[in-house]
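Written below as structure tokens is the structure these notes are about.
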Amino acid sequence: MREPKKCIIVDDEPAAHYVLANYIKQNPQLELVFQGYNGIEAMDYLRENPVDLMFLDINMPEISGMELLKIIPTHPKTILTTAYSEYALESYDYGVIDYLLKPIYFPRFLKAIDRFFAVETAKVKTEEAAIVNSVSVKVDGYFMDIELDQLLFAQSFGNYVKLHTIKRTYLASITTTEFEKCLPEKNFMRIHKSYIVALDKIETTDKDFVVIKNEKLPVGITYKRELSDRIKK
């Protein structure tokens, strides 16, 4: 069974907390991790903790639910809970997946949860489809697939690129800039005008170079800060 999705309730009415918390407890796919009674408490919690789903009231003192969505640049999937329906259209501009009118009945709550999991499933499928496992390049006049988990680094060689893999080196008919566009950004990075490296293949680093399979590769001054930040993550 997969891990339950982390939920929070943000509402200034204790009665709403009681109802929603009871509904959440009846669903093993959900886990209630926080209950806040205003937007400030929610912002403080969201800054420090990952959350999958937020049940958010619109009409709250100081910061309304809509204002909270505008303030937080990246917020969890959100289901709005309110006694008023006039904000329904505006709310969908902020990635709200459903809108529950109070009093909230359990069948309607379950429908909203089904919609949330449908969105989550679609998101996972999109991410899986976007995963790049190999790149097709021309080597010796023929196209071949280079497995990206085998690639150590790419080195500029005029209008060609030397692709250093775990087993051997290939000379591909492609420019470094063109090849860089084919690579997933989270796994590869240009560290110099002439070098692109697989971040997980870096063995050691120095202020001016990195080492991959006993090869010392220079790090350009304009790439040092980004490289340092990405290695720390």
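Rule-based calculations on the coordinates, nothing more; no lab input. A quick note: this is a predicted structure, and the numbers were derived from the prediction, not measured. Cβ sites come from the backbone with ideal geometry, for glycine too, and all protein chains shown count toward neighbours.
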Next item on the list: Starting at the first residue of region 177-185, write each ³J(HN,Hα) from the Karplus equation 6.51 cos²θ - 1.76 cosθ + 1.60 with θ = phi - 60°, in whole Hz, x for Gly and Pro.
Entry: 5, 5, 5, 4, 5, 7, 9, x, 4
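Counting each DSSP H run of 4 or more residues in the chain as -39500 (n - 2.57), what helix-only mean residue ellipticity at 222 nm follows after dividing by all residues, to the nearest 500 deg cm²/dmol?
When only DSSP H runs of four or more count, the value is -9500 deg cm²/dmol.
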Next item on the list: Calculate how steeply helix 39-48 sits against the longest principal axis of the alpha-carbon atoms of the chain, using the helix alpha-carbon long axis, and give the answer as 0 to 90 degrees to the nearest 10.
Entry: 30
Check: By how many degrees, between 0 and 90 and to the nearest 10, does the Cα long axis of helix 106-130 differ from the longest principal axis of the chain?
Finding: 10
Check: Say we join alpha carbon atoms closer than 10 Å with springs in a Gaussian network model of the chain; which of TYR37, TYR23, TYR223 then has the biggest fluctuation?
Finding: TYR223
Notebook entry, point to check: Could the peptides 201-207, 9-15, 132-138, 54-60 be put in order, highest first, of the mean number of other beta-carbon atoms found within 10 Å of their residues?
Noted result: 54-60, 9-15, 132-138, 201-207
Next item on the list: Measure nothing fancy, just the Cα-based angle from helix 14-25's long axis to the longest principal axis of the chain, in degrees from 0 to 90, nearest 10.
Entry: 50
Check: Using modelled amide H (1.01 Å from N, peptide plane; none on Pro or chain starts), what sits under 5 Å from the amide H of PHE209, excluding residues fewer than 5 places away?
Finding: VAL219
Next item on the list: Determine Rg/Rh for region 134-232; Rg is computed over alpha-carbon atoms and Rh is the Kirkwood hydrodynamic estimate from the same atoms.
Entry: 0.95
Note to self: Using the basic label-point model (7 angstrom from Cα toward the beta carbon), what is the GLU13 to ALA122 distance in nanometres?
What the structure shows: 2.9
Notebook entry, point to check: Can you pull the Kirkwood radius for the chain, inverse mean 1/r over Cα pairs, to one decimal in Å?
Noted result: 21.3
Margin query: Quick check: Cα centre of region 156-207 to Cα centre of region 2-41, how many Å?
Written below: 46
